[in-house]
Amino acid sequence: MTPAERPLSPFQLGTIYKLQLTSMLSLNHRATGIFLSVGSPFLVWWLVAAATGDHAFAAARWFFGSWLGLLMLLGWTFSFFYHLCNGIRHLVWDAGYGFELRTAYASGWTVVAASGALTVIAYAAGLLVRG
Amino acid sequence: MDRQQLRSPLGRAVGPGSAKEGVEHWWAQRVTAVALILLGLWFAASLVALAGADRAQVLRWLHEPLPAILTILTVIALFYHGALGLQVVIEDYVHSEWLKISSLVVMRLVSVALAVAGIFAVLRIAFGG
């Protein structure tokens, strides 16, 4: 049996469903989750390098200090705070609160503002510590 | 005879089905999420404090019991939560059955391997001279 060619969920956005804050935040929750998963091997690399020796750690340190490493750290910082803030929003929903449209939009914008602010604070603090 | 016809309409409506489970994934995702709120914030703050740190600083940090224990807990919660999330992503977007199953298996194995490597690294530093 050949399945019917129906449009599948993510590809209906923009063509069938109008783009809106709530759906964009939902999409971004998944995207940041995937990006954080991509980052997790790098975290293990850093830990294993520290346990292995000076030479191994120097390589990891060089990478995280390179422009690519710093860019990825910025992406992971934002992804972490976004996924954290929006994750808390999801937990509140799981508890049965915040489903009113106005509340859902208010909490959505709060997530955007909070994750943006926390990213700037944490990344700037990191750069300051690094010297 | 069709097994379904042996069950009463009420039995069909309230019956738990053959698996009698299904909420474990949902619950585990929430429990690890709550754990990661606390562990994640602590770990992120620690990484900021260690920005640009040399190896000696990292070794001194993980040589203390509390950072070592919390880092291990972070690694466990992180890879558990990540595996649960990636599982949903794979189930949603990979439609070919064999590719879906093999992606899930590889993802699980890689997650466990990375978690064990991370934990081992922390223990080696914590118990190292």
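Overview of results
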quantity: Intensity falloff of chain A expressed as log10 I(q)/I(0), Debye formula with alpha-carbon point scatterers, at q = 0.12, 0.18 Å⁻¹; calculated: -0.64, -1.04
quantity: Sum of -39500 (n - 2.57) over DSSP H runs of 4+, divided by residues of chain A (222 nm, nearest 500); calculated: -27500 deg cm²/dmol
quantity: Kirkwood estimate for chain B, i.e. one over the average of 1/r between Cα atoms, Å; calculated: 17.9 Å
quantity: Of the DSSP H helices in chain B, those whose Cα atoms cover at least 27 Å axially and whose Kyte score averages 1.6 or more; calculated: B:97-127
quantity: Helix-only CD estimate at 222 nm, as mean residue ellipticity for chain B, using -39500 (n - 2.57) per DSSP H run (n ≥ 4); calculated: -27000 deg cm²/dmol
quantity: 10 Å binning of all Cα-Cα separations within the range B:17-67, expressed as whole percents from 0 upward; calculated: 20, 33, 21, 15, 8, 3
quantity: Residue with peak Gaussian network fluctuation, chain A [Cα springs, cutoff 10 Å], from A:L74, A:L43, A:L84; calculated: A:L43
quantity: Overall dimensions of the protein assembly as shown as given by Cα atoms, namely Rg and Dmax in Å; calculated: 21.8, 76
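Throughout, read-outs are computed from the coordinates displayed, never taken from laboratory work. Quick caveat, the model's predicted, so the values are computed rather than measured.
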